[in-house]
Amino acid sequence: MTNYILKQSFRLLLLLFAVSIVVFVLVSVSPIDPVQANSGQAAYINMSEEKRAQLAEYWGANTPLFERYVNWAGDFIRGDMGTSLRYNAPVSQVIATRASNTLLLMFVAWVLSGILGFALGMLGALKRGSWIDKIVKAYCFLLASMPTFWLALVFLVVFAVWLGWFPLGFSVPIGKSAADVTIFDALHHLALPAIVLSVTGVAQVALHTREKAIDVLESDYLRFARARGMSSWEAMRRHGLRNLLLPAITLQFASVSELFGGSVLVEQVFSYPGLGQAAVTAGLGGDVALLAGVAVVSTAIVFAGNLCANVLYGVIDPRIASGQAAHG
């Protein structure tokens, strides 16, 4: 297992190298002019050629791709992620602030989706073939086919606009100083985006848990337990729950990439200041240093989730660990 983790760490370095190159290439071929995008159409038209050249040099628009990447990579290796020209702050500082918001949002959604998905999967399996099972499956299939941004807009209109239970967006109240923001204020702004993100992540866990629970219920040891007078729930709780819980947890770790992808859309809808919103802002403004930094950090987060899932699978089934060691 130690060798496997070391090999995966080396693969992570290669993946981060490839992702950073792709980001720089995409920015270089993008039709977005960073000078025009960040100065505004009217200001750009009335700007002198000398001022345009000065801003182009400041944004690095005329610097060759290879030179920009080598300079950025060298600074990155030394621990300097560059300066975000869009936010006029070090990239590491912007990412640190935004990453804490995104990770908190993802963690809350990750826990809620895991608990709700596992409960619904168990309920559907124990009531297999009944109207409850049909409702659970219909609910999961509907969620799986529903765009995240559309669901976020519906929740925003219903719960924030019509009912007024939650704020319209942002992570803190507008016009309130940072020193006056309470934990309740932060949680109140976090609640609706986290609920939307958790609801979209329920379907996969619920359907997977349902299928596994049905297999367990049809196993010989569960049939023997029910023949001794136990109810299906009691037999599952005593003899089958452990066999379902660990695979569900590993599936949750593997769903980190989906949660992160959904968080980008949720953050945009709710104007929640996270990594996803920062990536969109950097992309639209041609802020290559910030965009590369966000891409690298996001890749590391997703990779860590998948690595945890693979390690847990190996712990659950040693044959998987042996296969991982054999294939590297």
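Bear in mind that the values in this text are calculations on the coordinates, not laboratory data. Note that the coordinates shown come from a computational prediction; the quantities given were computed from them, not determined experimentally. Glycine gets a Cβ as well: all are built from the backbone with ideal geometry, and neighbour counts include every protein chain shown.
Can you give me the angle between helix 131-144 and the longest principal axis of the chain, using Cα atoms only, in degrees from 0 to 90, rounded to the nearest 10? That works out to roughly 20 degrees. Taking Val280, Val29, Val108 as the candidate residues, the one with maximal mean-square fluctuation in a Gaussian network model of the chain, Cα springs under 10 Å, is Val29. Build a GNM of the chain with springs between Cα atoms under 10 Å apart, and of Ile45, Ile32, Ile135 the one that fluctuates most is Ile45.
Taking amide hydrogens as placed 1.01 Å from N in the peptide plane, the amide H of Ala89 sits under 5 Å from those of Ser84, each at least 5 positions away in sequence or on another chain. Relative to the longest principal axis of the C-alpha atoms of the chain, give the angle of the C-alpha long axis of helix 65-77, reported between 0 and 90° and rounded to the nearest 10°. It works out to around 60 degrees. Sequentially through region 21-27, phi angles give Karplus couplings (6.51, -1.76, 1.60; θ = phi - 60°) of 5, 4, 4, 5, 5, 5, 5 Hz, Gly and Pro residues having no value and appearing as x. In the chain, helices alone account for a calculated mean residue ellipticity at 222 nm of -24500 deg cm²/dmol, with every DSSP H run of four or more residues adding -39,500 (n - 2.57).
Ranked by how many other Cβ atoms sit within 10 Å of their own Cβ, fewest first, the residues Glu49, Glu67, Glu267 fall in the order Glu49, Glu67, Glu267. Extension gain, Phe141 to Lys51: 0.36 nm times the residue separation minus the Cα-Cα distance gives 26.9 nm. With each label modelled as a point 7 angstrom along the Cα→C-beta vector, the Val70-Val19 pair spans 2.5 nm.
Computed from backbone phi, the HN-Hα couplings of region 118-123 come to 5, 5, 5, x, 5, 4 Hz, rounded to whole numbers (Karplus: 6.51 cos²θ - 1.76 cosθ + 1.60, θ = phi - 60°; Gly and Pro given as x).
Computed packing ranks the peptides 206-219, 281-294 as 281-294, 206-219, most packed first, by mean other Cβ atoms within 10 Å. Other residues whose C-beta falls under 12 angstrom from the C-beta of Leu105 contribute a net charge of 0, scoring Lys and Arg +1 and Asp and Glu -1. Over all other residues within a Cβ to Cβ distance under 15 Å of Gly114, the charged ones net out to +1, with Lys and Arg as +1 and Asp and Glu as -1. Note on the chain: GNM, Cα springs under 10 Å; of Met146, Met81, Met106, the largest mean-square fluctuation is that of Met146.
Using only Cα atoms, tell me the angle between helix 49-59 and the longest principal axis of the chain; keep it within 0 to 90° and round to the nearest 10. The angle comes out at about 40 degrees.
Extension gain, Tyr221 to Ser271, is 12.9 nm, computed as 0.36 nm per intervening residue step minus the present C-alpha separation. The slack in the chain from Val280 to Val154, taken as 0.36 nm per residue of separation less the alpha-carbon distance, amounts to 43.2 nm. Karplus-based coupling profile of region 288-295, in residue order and whole Hz: 5, 5, 5, 5, 5, x, 5, 4, with θ = phi - 60° in 6.51 cos²θ - 1.76 cosθ + 1.60 and x standing for Gly or Pro.
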